[in-house]
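Peer 1: Before anything else, here's the structure in question.
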Amino acid sequence: MIIDASVAAKWFLKGEEWEEESLRIKNMFENGGIDLSAPSIILYEVGNTIWKRKDISSEIARKLVEKAFEYLRELIVLPSGEIANLAMRIAREYNITFYDAIYIALSKQRKEIFITADKKLYNKVKNSFLVKFIADI
């Protein structure tokens with residue numbers, strides 16, 4: 001399965017919508033029930049999500065981002081030029097960001113399910129790709 005930052009960020013931030021479902025995915029991964037992968041951009045997107053949470057002190061944010069990078073590093077797949085090319089086609093065709101499209105392109109290339117907690121993204125691509133909304137896992 002391919003996950004995006006909307007799923008992984010909830011592993012490090014409390015009080016997020018779909019936190020319980022996200023933690024269930026993490027637990028399944030840690031217990032060997034599923035394999036998870038993500039393109040390298042997940043590191044920066046999760047870091048940005050932590051940065052946006054102004055209710056968290058700078059010190060805690062730095063600790064969270066360090067923890068996130070250490071944990072997520074084992075999921076990372078470096079996208080190839082071929083995946084980047086496919087992502088650009090998907091981004092243009094579905095009017096989504098290249099950031100979002102890289103997850104979908106990786107999912108398509110690996111023939112794996114893509115899981116997201118981003119409802120807008122899910123609604124744009126649900127009929128064309130192997131994508132599941134986090135609530136449906």
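No value in this document is a laboratory result; all are computed from the given coordinates. Because the structure is a prediction, the values reported are computed rather than measured. Here the Cβ positions follow ideal geometry from the backbone for every residue, glycine too, while neighbour counts run over all protein chains shown.
Peer 1: State which residue is surrounded by the most Cβ atoms within 10 Å (Cβ to Cβ) when the search covers only the range 38-66 and only residues that are of a type in the set (Gly, Ala, Ser) and not in a helix (DSSP H, G or I).
Peer 2: ALA38
Peer 1: Same structure again: Please identify the pairs in which a residue from the range 74-88 that is closer than 18 Å to TYR44 by Cα has its Cβ atom under 9 Å from the Cβ atom of a residue that is among the acidic types (Asp, Glu) and in a helix (DSSP H, G or I), counting only partners at least 6 apart or on another chain.
Peer 2: Listed pairs, sorted by first residue: ALA87/ASP100.
Peer 1: Name the pairs: first residue in the range 49-61 and closer than 16 Å to VAL7 by Cβ, second residue of a type in the set (A, V, I, L, M, F, W, C) and in a helix (DSSP H, G or I), Cβ to Cβ under 6 Å, at least 6 apart or on different chains?
Peer 2: Going by the 6 Å Cβ cut-off, the qualifying pairs are THR49/ALA9; ILE50/ALA61; ILE50/LEU64; ILE50/VAL65.
Peer 1: Filtering the range 66-108 down to residues that are in contact with a strand residue (DSSP E or B) (Cβ under 9 Å, 6 or more places away or on another chain) and charged (D, E, K, R), which residue is farthest from MET1 (Cα to Cα)?
Peer 2: ASP100
Peer 1: Here's something else I'd like to know. May I ask you to list pairs of residues, at least six apart or on different chains, whose Cβ atoms are under 6 Å apart, with the first in the range 1-16 being in contact (Cβ under 8 Å) with a residue 60 or more places away in the chain and the second being crowded, with 20+ Cβ neighbours inside 10 Å and among the hydroxyl-bearing types (Ser, Thr, Tyr)?
Peer 2: Short answer, once both residue conditions are applied: ILE2/TYR103; ILE2/SER107; ASP4/TYR103; ASP4/THR116; SER6/THR116; VAL7/SER22; LYS10/SER22.
Peer 1: Anything in the range 80-101 that is more than 19 Å from LYS124 (Cβ to Cβ) and in contact with a Phe, Trp or Tyr (Cβ under 9 Å, 6 or more places away or on another chain)? List them, or say none.
Peer 2: Within the range 80-101, ALA84 is the sole residue that qualifies.
Peer 1: Where residues in the range 72-118 are small (Gly, Ala, Ser) and out of contact with any Leu (no Cβ under 9 Å at 6 or more places or on another chain), which of them is nearest to ALA135 (Cα to Cα)?
Peer 2: Top of the filtered list is ALA117.
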